[in-house]
Every structure is written in structure tokens, then in C-alpha cells.
1. Any residue that is at pLDDT 95 or above, touching a Gly at 6+ places or on another chain (Cβ under 8 Å) and not charged (D, E, K, R) - is there at least one of those in region A:163-175?
2. I'd like to know if region B:61-73 contains one or more residues that are crowded, with 17+ Cβ neighbours inside 10 Å and either in contact (Cβ under 8 Å) with a residue 60 or more places away in the chain or within 14 Å of another protein chain (Cβ to nearest Cβ) (or both).
3. Sort through A:Val145, A:Val189 and tell me the only one that's within 10 Å of another protein chain (Cβ to nearest Cβ) and surrounded by 19 or more Cβ atoms within 10 Å (Cβ to Cβ).
4. Search region A:197-222 for residues that are among the β-branched types (Val, Ile, Thr) and pair each with any residue that is part of a helix (DSSP H, G or I) when their beta-carbon atoms are under 7 Å apart and the residues are at least 6 apart or on different chains.
5. Just checking, does region A:158-165 include any residue being within 30 Å of B:Ala154 (Cβ to Cβ), buried (at least 18 other Cβ atoms within 10 Å of the Cβ) and more than 14 Å from chain B (Cβ to nearest Cβ)?
6. What residue, among those in region B:209-225 that are surrounded by fewer than 21 Cβ atoms within 10 Å (Cβ to Cβ) and in a strand (DSSP E or B), is nearest to the other protein chains (Cβ to nearest Cβ)?
Number of protein chains: 2
Amino acid sequence: MLRTLRTLRTRIRPGLMSSNTVESLVKDIKLSIKRSSIPVPVGISNRHLHLSREDFKTLFGRDAEPTLLRQLVQPVFFACHEKVLLEGSKGIIENVRLIGPYRPQTQIEISVSDAVVLGLNPPVRDSGALKGSPGVMVKGPAGTVRLSSGVILAKRHIHFNPDEARLFEITDGMEVRVRCGLGGDRELVFEKVLCRVSNKFKLEFHLDIEETNAAMVKNGDVAYIVGI
Amino acid sequence: MLRTLRTLRTRIRPGLMSSNTVESLVKDIKLSIKRSSIPVPVGISNRHLHLSREDFKTLFGRDAEPTLLRQLVQPVFFACHEKVLLEGSKGIIENVRLIGPYRPQTQIEISVSDAVVLGLNPPVRDSGALKGSPGVMVKGPAGTVRLSSGVILAKRHIHFNPDEARLFEITDGMEVRVRCGLGGDRELVFEKVLCRVSNKFKLEFHLDIEETNAAMVKNGDVAYIVGI
């Protein structure tokens, strides 16, 4: 509401409201209504890791390759049978699942509660933005990798393919507000949700387990992009 | 935003905008701005339980009494040294702390993740509203209590003393929207936050750990009541 008031204040000054201003405001409102009328499925990300080819070989052996457990909603990603153990200064977390395919750099996505267990203080980051993030010890059946960086809290984000992005009038890198758990006991509005557009993606709003529990939503429930 | 538009639509019709309508709208906006200018400290509730005198005696012995670990921000509540174990159909949770004083009915407040561990499906409820909630087995050093109900997910709420409530123009039982983590990486707006007013209370916004982690806020950070 305050944000809306600020928008109005900067656009409408008494006696100076031009027809251009009104047109622009009406356009914004129409876009807002259009976006909020299209449901976006929620996808929950449990803690997981992506491995570089080299780190995978160290952890699982030279002759090993990631083995498919199941395809994920995002066509390019798949859950693997392979799991690792994370060891931090304060504790360990077992059975952290590998998500394929290989990545140029190993990346581990955990929750705030997981970070407390491990004794880490990872930043909230978009996938791939690992500079300055903390490392952790990763143990597999064939060996150990001591990462110097790569642990992040995933920034909440929506995946769009280019057609879906056009429908929502969204471009890659935009941030939007998303209403989640509409009508439920824990409805909330997530601010600063990153939009990621690629022909490898499919419409899905990714949150971690603490975020979905805070909103009381499950996999496949729907959320709505709201606000101007 | 859509809510605001709906409000405007119901109050302002072209050619029918009376001065009363404008006055009422201006009053709402002024109230909204006033409320959102006063910070509300955040208090994190980890899983805990309140015990009836009878259940306490069963769990800790006839001659035992709750012993003070520390006073909580709410003057009437205190954390105790005493801890219990919860056992559900799927698993157990150890070291669940007692919050005193005694209550007429035993009440256990857990997170959604805790509920999954225990194999329970508790409802989101205001404190004391336990009808239809699931039970769980509670084990203490002197005995076991098999609860038939009493396990809930606490409905997020703000405590006010009557002076604070007057300042915010809040009455007991109202629901408000609360912006949390302002300017941070995980800013969000919680809907349907219950307002509880009592001279036993002090201004504090209570959330569980998953809710505070979703917003990336810590004990003592501030939140703001927003919206009309």
C-alpha cells in the first residue's frame, strides 16, 4: 500500500496530472491485473547440491557417472541416486541429494536451519553467483572435497520459458512480488522474487522448505504475481 | 495492490465520489501510514510446550515444580529448565522446552517440519484453541502423558498491551498485514497476523523459526504493520 502511494505521489501532483500519466498508470494497473490472473505452480527445493565433473569423480570415483532417480519439473534438471554428507564446524548433514547435470562449479543450496546446523553463514544468492560464499567439507563414498566456496541460500525465483515470459510481460532478471497460500492460514507476499527466463525452463516458482512452510503451501500449489 | 484497487472500486464510483467517501479514505490512509511508522520487535518461538499442572506432575513427579531458566519478553511467560520428548507415529523430537506458568490445558507448539518428523498434521491455531487438534505422546523423566489433542502450529500474532494497542488503533482479535525483513534479501509481507491485546502483554510479533527464516529476521529485528 505504501509502495502504491509512493508511486501515485511521484506520478500524480495536484493540477499536474497529464493524460500521459493517467495512461501510464492505467497500463501499469492492467498489467498488474493480467499477471495476477495467471497461476504459477510452486516447486519446493529441499537442500541439494550441483557438482562439477571433477568434484563428482573425487566423491564417487573415476568410473562413476550420476545416475537418474527422476526428472524434475525443469526439463534440464534431474535428481540423482547419489547423495553426500556435508560437514561444517558445528555439525553434519547426511543424505544431501545430487541434482544433475554437471555444473562448471560445485554449488550447495541449503536452508537457514541447515546453515545453523553446519555453523555456516551463507548469503542469499541467485544460482551460479558464488563469489564470497562459504565453503564446506563434502564427503562421498570414494573421497572428500574441501570446498572453499559454493554454499548459498537460494534466492527465491520463478522459472519462465520465453513464451511464458511474454505472456506475463516479464524479462530475465526482473524482480516481482508473489502472493502465496492465497486464502490459507499462512498467506503471505514474497518480495523481490527473481525472474529467470530461458528456453530450458518451464513456469515454476522455486522456494525452499522453510519458505513454503511459512506460507503453508505444497508442491504444485499455485502462487500469483501481484502489485505494480 | 489488488486489495487497494478493490477498496477504491467499492468506495469510488465515477461521479458518485462524496466528500464523506474521500474523508473516510484519507482517514484509512493516515491510519495506515501511522501504523507503519512504528516498529514492532520480532520474537522467534522455537518449538515448546505449555503444561497443565496435572500433566506436569505426571511427567516430572508429584513433588516437582517448574524451575525458571529465564524470563521471556512477555512478562507472564518464562522458559523452564524442564524439557520433554515428543513421540509421534513417524518419529521423535527430544529436548522440547517447557514454558511456564501452568495452563488449564497442555498445549504443544511445533513447526511444519516438526510435524512431518512426528507424522502429525496439526492445524494453524491461536493459543488455547485446541479443539480438533491432534495429540502426541509426551515423555518426561517421571512418566508419560498420551495427549488426545493439543498439538498446533501457532498462528502468527502480535502481542500488545492496552496502551500500545491504542497507539496503533488496534483492538483484540483484529488481523493485520506485517512487513518483515524490510530492505533485506528475503523481505515479505505476512497476511492475517492476529492482534492480541492484554495488560499482561508487551509489544512483540511472534513467528516460528520457519517463518523468521523465510523472512531472514532474527530476535529483536523489527517489522511494520502495513496496508489499510
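1. no
2. No, because not a single residue in region B:61-73 is crowded, with 17+ Cβ neighbours inside 10 Å and either in contact (Cβ under 8 Å) with a residue 60 or more places away in the chain or within 14 Å of another protein chain (Cβ to nearest Cβ) (or both).
3. Details: A:Val145 fails: within 10 Å of another protein chain (Cβ to nearest Cβ).
Unique residue meeting the criteria: A:Val189.
4. Listed by first residue and then by second, the contacts come to A:Val197/A:Pro162; A:Val197/A:Ala165; A:Ile209/B:Ser113.
5. The first filter runs over region A:158-165 and keeps only residues within 30 Å of B:Ala154 (Cβ to Cβ), leaving A:158.
Filter once more, keeping what is buried (at least 18 other Cβ atoms within 10 Å of the Cβ): A:158.
Restricting the remaining residues to those that are more than 14 Å from chain B (Cβ to nearest Cβ) gives A:158.
Checked region A:158-165: at least one residue is within 30 Å of B:Ala154 (Cβ to Cβ), buried (at least 18 other Cβ atoms within 10 Å of the Cβ) and more than 14 Å from chain B (Cβ to nearest Cβ).
6. Of region B:209-225, the ones surrounded by fewer than 21 Cβ atoms within 10 Å (Cβ to Cβ) are B:209, B:216, B:218-222, B:224.
Then drop every residue that is not in a strand (DSSP E or B), which leaves B:222, B:224.
Details: B:Val222: 15, B:Tyr224: 9 Å.
Looking at the filtered set, the residue picked out is B:Tyr224.
Residues are listed down the side, and each one gets a yes or a no for (1) under 15 Å from the mean Cα position of the chain (by Cα); (2) at positive phi:
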{"position": "B:Leu153", "(1), (2)": "yes, no"}
{"position": "B:Ile158", "(1), (2)": "yes, no"}
{"position": "B:Glu164", "(1), (2)": "no, no"}
{"position": "B:Leu167", "(1), (2)": "no, no"}
{"position": "B:Gly183", "(1), (2)": "no, yes"}
{"position": "B:Lys192", "(1), (2)": "yes, yes"}
{"position": "B:Asn219", "(1), (2)": "yes, no"}
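Quick grid of which residues meet (1) assigned to a strand (DSSP E or B); (2) crowded, with 18+ Cβ neighbours inside 10 Å:
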residue: A:Ile38; (1), (2): no, no
residue: A:Gly43; (1), (2): yes, yes
residue: A:Leu49; (1), (2): yes, yes
residue: A:Leu59; (1), (2): no, yes
residue: A:Leu85; (1), (2): yes, no
residue: A:Asn95; (1), (2): yes, no
residue: A:Gln105; (1), (2): no, no
residue: A:Ser133; (1), (2): no, yes
residue: A:Pro141; (1), (2): no, no
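The values are calculated or read from the model by the stated rules, or taken from the named source; none is laboratory data. Note that this is a predicted model, so its numbers are computed, not measured. Virtual Cβ from ideal backbone geometry, glycine too; neighbours counted across all protein chains shown.
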